[in-house]
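Visitor: Starting off with a structure, shown below.
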Amino acid sequence: MGKKFTGLEESLKLVSDAGTRKDVRIRELGMIEDYADGLVNLTIEGKAKLKAVIDAFKFELFDGDINEECIGGYYRILLKLINMEGNLKGKKCIIYGNNWLSAEIERKMASKNYHVFNWRNVNPDYMDEYDLHILCDEPLKVYGIAALPDKDKVIKLWDYLKYKFGVFPAVYRTITDMEEAAGSGVKGIITGGRNTVYAIHSSLLHKKTVSVANRSQDIFYDFKLFCHAYESMPDLEYVIVGLAPYSLRYDTSKSNAEWRRCLVYYPVVETMHNCNGADQLIELYKTEYFKVKNYFESGYVESLYDLYVSSETKTEEAENCVFDDSAMTQEVTEHNIREINALYNRPHTEILLQNKVLLQEYAHFCQMKGIRVIFFIPPYTKWYKEHMKKSYYEELVSTVKMLCEKYGAEFIDMMNVSLPDRCFRDYASINDIGAIKVASYINEVLEKGKVEK
């Protein structure tokens, strides 16, 4: 029990003791009021009642016309208001935040026999009196935490969960689905980025196939996730390696916008690839991981994902929306051009060389394991093909053809397949209508056993 909690308990005892002098009682009543402000979970109404009782008690002590029976009555009222057993006995924790997570963790810690305090009702001067501090929101929104002398008492649960699934829930969901599908019966794996996510729906393929494709996923993480899946899927026959025209020049860990995704992959692949400041981020993750593991069972932490998803405002993605080049406003056109120029402005030779090596390792690994490799480039809109940098596409095709010849891989290149705009959700991505057409062709290739030249 912290010193101030002990002090509150001792003050209450002194107030109730028949041998305590009047001036000491008055002094201790003031101490009780100070200690209770921040140490005890009182509502605004409860604080007002406590102050009224203490003021009345003091008044009668000053007046001098009070007997021990009356003192005992005031003491019992104080005990009830302060809730001695509830607030002073046992472990105590403060929950920080006002969201779905804080509400759930309050419930969870109460079930673990902690006395739970809301951070808004805690006196900042008394922060070190509590056994545990659980941050369920961004630390910058919380006062007093930085001043805590014992950092081991602080669990940055929000920081941990936001990298586990809060910032990029699709990656977490993909990895979870992959692990749940582990075992016999899975015949194929799909890897790739955003274009592959939309172009190939595993549910439309005739053979049981698991997709580990994710938006902004690069060749490095494609290969790493495939290797992870391979370990638990003994019946794998093929892998579809989805590629974008700029894939050889893309590195998630070097992307200004996407590098944080690397921490989401870290528990599976145990590396941050080329991410700057990786050591510091990994140390943060590991520190919080072990703290979380000490206080919460792993199954419970995983269940928080479902609560997170249900708490989010649902915005239905229009999977069947239709791209229309002629309907684009000047503003939209300029925005799309900026996006595509950014995708094709990647003069990074070192990334190009690394990705060529990775793609070769991917193909070689599959050859050694007897797994059929099908490289895949999806269809794109006419508008996209007019604005992309064709040299990136050409260097990719050259590399893939070399790998096909060297490792016996196959290549489905749908770049030159002209699909109408109604098959696309936007200028770069297939919609559900287009995905049906793509799946029809891939199923034909899988059943024939080879890609026709």
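The values are calculated or read from the model by the stated rules, or taken from the named source; none is laboratory data. Source: prediction; values computed, not measured. Because the Cβ atoms are built from the backbone with ideal geometry, glycine has one as well, and the counts that use them run over all protein chains shown. All accessible areas refer to the heavy atoms of the entire protein, side chains included, with ligands and DNA or RNA removed. Shrake-Rupley method; radii C 1.70, N 1.55, O 1.52, S 1.80 Å.
Visitor: Charges at C-beta only: +1 for Lys and Arg, -1 for Asp and Glu. How large is the resulting dipole of the chain about its Cα centre, in Debye rounded to 20?
Guide: 760 debye
Visitor: Next up: With n ≥ 4 as the cut-off for DSSP H runs, can you work out [θ] at 222 nm for the chain, using -39500 (n - 2.57) per run divided by the number of residues, rounded to the nearest 500?
Guide: After summing the helix terms and dividing by the residues of the chain, the value is -16500 deg cm²/dmol.
Visitor: If each Cα of region 366-452 is one equal point scatterer, what is log10 of I(q)/I(0) from the Debye formula at q = 0.18 Å⁻¹?
Guide: Reported log10 I(q)/I(0), two decimals: -0.88.
Visitor: Check Phe296: other-chain or 5+ apart residues with amide H under 5 Å from its amide H, H built from backbone geometry?
Guide: none
Visitor: Using a basic spin-label model with each label point 7 Å from the Cα along Cα→Cβ, how many nm lie between Leu79 and Trp100?
Guide: Computed distance between label sites Leu79 and Trp100 equals 4.4 nm.
Visitor: If you don't mind, another one. Could you pull out the pairs from Lys385/Lys406; Lys164/Lys448; Lys51/Lys91 whose alpha carbons sit more than 32 Å apart here? Working shown, then result.
Guide: Values: Lys385/Lys406 29 Å; Lys164/Lys448 41 Å; Lys51/Lys91 26 Å.
Where the Cα-Cα span goes over 32 Å, the pairs concerned are Lys164/Lys448.
Visitor: Oh, and also: Can you tell me how region 246-383 classifies by the Cα gyration tensor, rounded, prolate or oblate, using a/c under 1.5 as the rounded cut?
Guide: oblate
Visitor: Over 23 Å between Cα atoms: which of Lys112/Lys291; Lys13/Lys92; Lys254/Lys369 fall into that group? Provide the component values of the computation, followed by the final result.
Guide: On the way: Lys112/Lys291 16 Å; Lys13/Lys92 21 Å; Lys254/Lys369 31 Å.
Over 23 Å Cα-Cα: Lys254/Lys369.
Visitor: If you don't mind, there's one more thing I want to ask. What part of the accessible area of the chain, given as a whole %, is carbon or sulfur when the probe is 1.4 angstrom?
Guide: Of the solvent-accessible surface of the chain, carbon and sulfur hold 50 percent.
Visitor: Now for a different question. Using the beta-carbon distance between His348 and Glu394 and R0 = 25 Å, what value does 1/(1 + (r/R0)^6) give for FRET efficiency, to the nearest 0.05?
Guide: 0.90
Visitor: A further question follows. Could you tell me which label, among [x] 234; [y] 171; [z] 184, carries the value of volume of the Cα convex hull per residue in Å³ calculated for this structure?
Guide: Entry [y].
Visitor: Taking a point 7 angstrom from the Cα of Leu204 along the C-beta vector, which residues in region 405-436 have backbone N less than 18 Å away?
Guide: 412-436
Visitor: Report, ordered by chain and residue number, the lysines lying within cross-link reach of Lys208, taken as a straight Cα distance under 16 Å and ignoring same-chain residues fewer than 8 apart.
Guide: Qualifying lysines at Cα under 16 Å: Lys187.
Visitor: Quick one: Karplus J couplings for region 182-192, per residue in order, coefficients 6.51, -1.76, 1.60, θ = phi - 60°, nearest Hz, x for Gly and Pro?
Guide: Taking θ as phi minus 60°, the curve returns 4, x, 6, x, 7, 9, x, 10, 10, 10, x Hz for region 182-192.
Visitor: Now, a different point. How many Å² of accessible area per residue for the chain, probe 1.4 Å?
Guide: 49 Å²
Visitor: If each of Asp279 and Ala56 carries a label point 7 Å out from its Cα toward its Cβ, how far apart are those two points in nm?
Guide: With each label placed 7 Å out from Cα toward Cβ, I get 6.5 nm.
Visitor: Pairs of Cα atoms under 8 Å, at least six residues apart: use those to get the relative contact order of the chain, whole percent.
Guide: That works out to 13 percent.
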